[in-house]
Amino acid sequence: MPSFEFSFTNDLSQTPQPSAANQQSALIEDLVYANRILYDQGVLDGFGHVSARDEKNPTHFLLSRSMAPGLVTTKDILAYDLEGTPIDSSGRAVYLERFIHAAIYRARPDVKAVVHSHSPSLIAFSVTGTSLRPVYHLSSFLGSGAPIFDIRDASGMTDMLIRNNQLGDALAKVLGDKPVALMRGHGAVVVGNAVQQAVYRVVYTDVNARLQSEAARLGSITFLSPEEAAKSAATLDAQVPRAWELWKSRIGKIE
């Protein structure tokens with residue numbers, strides 16, 4: 001009988017890898033979902049924005065043209081350099097506060113996504129100086145608490161907007177290595193190592209603020225200890241896709 005020889009290999013280099021174009025397309029789709037999800041979850045309304053670092057070129061980031069987040073489509077996503085300059089806007093209006101994103105990406109190589117929101121629950125903490133700290137496990141990423149950025153410390157009297165790189169750098173400095181910073185009388189900035197994580201964090205930062213405000217009315221609060229927060233955050237990072245897929249299912253197909 002003829003003999004047959006079979007050769008098996010575990011060489012993963014032979015496994016087809018997604019092309020750079022497909023990876024870019026997937027990132028743009030995630031960014032559109034992020035805009036729609038955050039509107040659906042009540043974190044963004046007609047204002048606010050979310051960006052992602054460009055996977056092909058980490059010196060660029062992706063952000064929608066200036067428009068309401070709940071209406072963003074794949075055709076609205078533009079690329080910007082780390083000074084906040086659009087690569088090619090084709091005459092389309094861009095967000096005035098794109099410098100928030102540019103400055104954080106310059107300062108934090110670990111950050112792959114940034115969200116800026118005006119959540120009322122967070123503004124209440126920003127104007128009272130009350131420390132926003134984790135009251136339950138799903139917001140454990142808050143750790144020892146969120147710092148508060150006061151624009152007056154950076155530039156005196158302003159219109160409260162981060163309209164240049166100087167102000168962006170000042171905000172990034174206050175954020176430091178934290179995942180969340182509040183902005184006095186304005187809102188918050190939240191970062192993550194992926195679009196999905198940034199979305200998860202800003203949703204549960206908002207939930208934590210509402211829980212903490214309610215708990216304060218009832219009595220003294222037992223916050224998560226730093227050790228509890230660190231252990232919980234490490235566990236829950238792996239669970240982000242569960243929430244992301246649920247939120248995506250509410251949005252349905254995007255353009």
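The values are calculated or read from the model by the stated rules, or taken from the named source; none is laboratory data. None of the values given here were measured: they were computed from a predicted structure. A quick note on method: Cβ atoms are made from the backbone with ideal geometry, for glycine too, and the neighbour counts reach across all protein chains shown.
Laid out as a table, the results:
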read-out	value
Verdict on LEU182 being part of a loop (DSSP other than H, G, I, E, B) and at pLDDT 95 or above	no
Criterion (surrounded by 15 or more Cβ atoms within 10 Å (Cβ to Cβ), among the small types (Gly, Ala, Ser), farther than 14 Å from ASP40 by Cα and out of contact with any Pro (no Cβ under 7 Å at 6 or more places or on another chain)) met by exactly one of SER225, SER232	SER232
Enumerated helices (runs of 4 or more DSSP H) restricted to the stretch 191-255, each holding at least 2 residues that are within 22 Å of VAL72 (Cα to Cα), aromatic (Phe, Trp, Tyr) and touching a residue at least 12 places away in the same chain (Cβ under 8 Å)	240-251
Residues that are crowded, with 18+ Cβ neighbours inside 10 Å and in contact (Cβ under 8 Å) with a residue 60 or more places away in the chain, drawn from the stretch 144-163	ILE162
Selection count where residues are closer than 23 Å to SER225 by Cβ, over 18 Å from the mean Cα position of the chain (by Cα) and in a helix (DSSP H, G or I), scope the stretch 120-154	2
Test: residue in the stretch 175-186 that is over 26 Å from LEU31 (Cβ atoms) and of a type in the set (Asp, Glu)	no
Of all residues making up the stretch 52-103, the number that are over 27 Å from VAL174 (Cβ atoms), of a type in the set (Asp, Glu) and modelled with pLDDT of 95 or more	1
Failed item, numbered, when PRO18 is tested on (1) modelled with pLDDT of 95 or more; (2) over 16 Å from the mean Cα position of the chain (by Cα); (3) on the phi < 0 side of the Ramachandran plot	(1)
Any chance ALA172 is outside any helix (DSSP H, G or I), closer than 20 Å to ALA103 by Cβ and not β-branched (Val, Ile, Thr)	no
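Yes or no, residue by residue, for (1) within 18 Å of SER51 (Cα to Cα); (2) not aliphatic (A, V, I, L, M):
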| site | (1), (2) |
| --- | --- |
| GLY192 | yes, yes |
| VAL203 | yes, no |
| ASP206 | no, yes |
| SER225 | no, yes |
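Yes/no per residue for (1) acidic (Asp, Glu); (2) closer than 16 Å to SER66 by Cβ; (3) surrounded by fewer than 24 Cβ atoms within 10 Å (Cβ to Cβ):
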site	(1), (2), (3)
THR85	no, yes, yes
ASP88	yes, yes, yes
ILE104	no, no, no
ALA107	no, no, yes
ASP110	yes, no, yes
SER121	no, no, yes
